[in-house]
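*Asks:* Pasting a structure here, questions to come.
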Amino acid sequence: SVIASALEYLDISNNPTGSFLSGMFWLGQMTKLTHLDIHNTNFDHAGIPPYFGNLVNLKHLDISSTYIWYYKGWDAFSTMINLEWLDLSVNYYEGEVPTQILNLPKLKNLYIFDSYFSGSLDFMDQMSDTVIEIWADLNWFEPGPIPSSLFSLTNLKGLSLTSCQLTGTIPTEFGNLDKLESVWLFNNTLTDSIPNEIGDMENLK
């Protein structure tokens, strides 16, 4: 249809339709889309729908709170080389943060909180330094210290790692993230004092 071939912006969020994403294959025909928001729609699907791979022009994708469950279909992201903003939060993936997400070359904002992701927080060492914000709260990551890989993301402005089973001290290397404006680390088991380097960060609010 004309609409499918020309539409660039689609927001059907906050509509509790109870539909199934498997029956919404028409989304995959909207190949000009740059913005797709279907969050909080109560859609239901086992994994990421394969037709998402047709949406090669997407820059913004929000599929949070859509009752996507099961760890499969991530290859659909391999073609989304223009994606900059991605929200996968409040779904039921039960696996490690997939490399297809981490390797997105233009990704700036990644939101994966409360999504039953597991494995190590060292997934950050696979991410491009284009990333400016990560929220990874309330997942099933392995207990351990704040990963050193975090400090290679020198363009970070926002970071949230609450309830991530973090242990040990807050590294002085936080001072290297001089663009950081907001950071949330509460509800972990971090010890010792807050390093002076954080107090010296001029952009922190």
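The values are calculated or read from the model by the stated rules, or taken from the named source; none is laboratory data. Quantities reported herein were computed from a predicted structural model and do not represent experimental measurements. In this analysis, Cβ positions are derived from the backbone assuming ideal geometry, glycine residues included, and neighbour counts consider all displayed protein chains. Areas reflect the complete protein model, heavy atoms only, side chains present, ligands, DNA and RNA absent. Shrake-Rupley method; radii C 1.70, N 1.55, O 1.52, S 1.80 Å.
*Asks:* What ratio of Cα Rg to 2.2 N^0.38 Å holds for the stretch 36-103? Intermediate values should be presented prior to the final figure.
*Replies:* Details: Rg = 10.9 Å, N = 68, 2.2 N^0.38 = 10.9 Å.
The reported ratio for this selection is 1.00.
*Asks:* What order, most packed first, do the peptides 188-194, 27-33 have when packing is the mean number of other Cβ atoms within 10 Å of each residue? Numbers along the way, then the final one.
*Replies:* Numbers: 188-194: 11.0, 27-33: 17.7.
Ranked from most to least packed, the peptides come out as 27-33, 188-194.
*Asks:* With n ≥ 4 as the cut-off for DSSP H runs, can you work out [θ] at 222 nm for the chain, using -39500 (n - 2.57) per run divided by the number of residues, rounded to the nearest 500? Provide the component values of the computation, followed by the final result.
*Replies:* On the way: 3 runs with 13 residues, N = 205.
Calculated mean residue ellipticity at 222 nm is -1000 deg cm²/dmol.
*Asks:* Mind checking the stretch 118-205 for chymotrypsin sites (Phe, Trp or Tyr not before Pro) that DSSP puts in a loop (not H, G, I, E or B) and that have at most 11 other Cβ atoms within 10 Å?
*Replies:* Numbers: sites: PHE123, TRP135, TRP140, PHE141, PHE151, PHE174, TRP184, PHE186; in loops: PHE186.
Filter output for the stretch 118-205: PHE186.
*Asks:* Another one. Of PHE117, TRP184, ILE194, which is farthest on the positive side of the dipole of the chain, counting Cα position, with +1 on Lys and Arg Cβ, -1 on Asp and Glu Cβ, and the Cα centre as origin?
*Replies:* My answer, from the dipole projection, is PHE117.
*Asks:* If you place +1 on the Cβ of every Lys and Arg and -1 on the Cβ of every Asp and Glu, how big does the dipole about the Cα centre of the stretch 44-106 come out, in debye to the nearest 20? Present the calculation step by step, with values, prior to reporting the outcome.
*Replies:* Details: 3 positive and 7 negative charges, 39 e Å.
The dipole of the stretch 44-106 has a size of about 180 debye.
*Asks:* Follow-up. Bins of 10 Å, beginning at zero and ending with the bin holding the largest distance: percent of Cα pairs per bin for the stretch 93-148, please.
*Replies:* Bins of 10 Å from zero give 24, 59, 17 percent of pairs.
*Asks:* Okay, moving on. What dipole magnitude, in Debye to the nearest 20, does the chain give about its Cα centre under +1 on Lys/Arg Cβ and -1 on Asp/Glu Cβ?
*Replies:* Working: 8 positive and 24 negative charges, 131 e Å.
Dipole of the chain, to the nearest 20 debye: 620 debye.
*Asks:* OK, next. Given the convex hull of the Cα atoms of the stretch 71-205, what is a quarter of its surface area in nm²? Mind showing how you got there, number by number?
*Replies:* Numbers: hull surface 29.4 nm².
Here the figure is 7.4 nm², rounded to one decimal.
*Asks:* Can you figure out the FRET efficiency of TRP26 with SER118, using R₀ = 35 Å and their beta-carbon distance, to the nearest 0.05?
*Replies:* The value I calculate is 0.55.
*Asks:* Relative to the present Cα-Cα distance, how much length would full extension add between ALA6 and ASN187 at 0.36 nm per residue of separation? List each step's numbers first, then the result.
*Replies:* Details: separation 181, 0.36 × 181 = 65.16 nm, distance 4.61 nm.
Residue separation times 0.36 nm, minus the Cα-Cα distance, leaves 60.6 nm.
*Asks:* Which order do you get for MET80, MET201 if you rank them by accessible area with a 1.4 Å probe, largest at the top? Show your work: numbers first, answer last.
*Replies:* On the way: MET80 0, MET201 20 Å².
Sorted by accessible area, descending: MET201, MET80.
*Asks:* Which order do TYR9, TYR71, TYR111 take when ranked by solvent-accessible area (1.4 Å probe, heavy atoms of all protein chains), largest first? Intermediate values should be presented prior to the final figure.
*Replies:* Values: TYR9 135, TYR71 85, TYR111 15 Å².
If we order TYR9, TYR71, TYR111 from most to least accessible, we get TYR9, TYR71, TYR111.
*Asks:* Under the definition of Cα pairs under 8 Å and six or more residues apart, what whole-number percent is the relative contact order of the chain? Walk me through the numbers before you get to the answer.
*Replies:* On the way: 533 pairs, mean separation 24.1, N = 205.
Result for the chain is 12 percent.
*Asks:* Using just the alpha carbons, could you tell me how many Å³ per residue the convex hull of the stretch 1-154 encloses?
*Replies:* Values: hull volume 14.1 nm³, N = 154.
Convex hull of Cα atoms, per residue: 92 Å³.
*Asks:* With point charges of +1 on the Cβ of Lys and Arg and -1 on the Cβ of Asp and Glu, referenced to the Cα centre of the chain, which listed residue (LEU55, LEU104, HIS39) lies farthest in the positive direction of the dipole?
*Replies:* Of the listed residues, the answer is LEU55.
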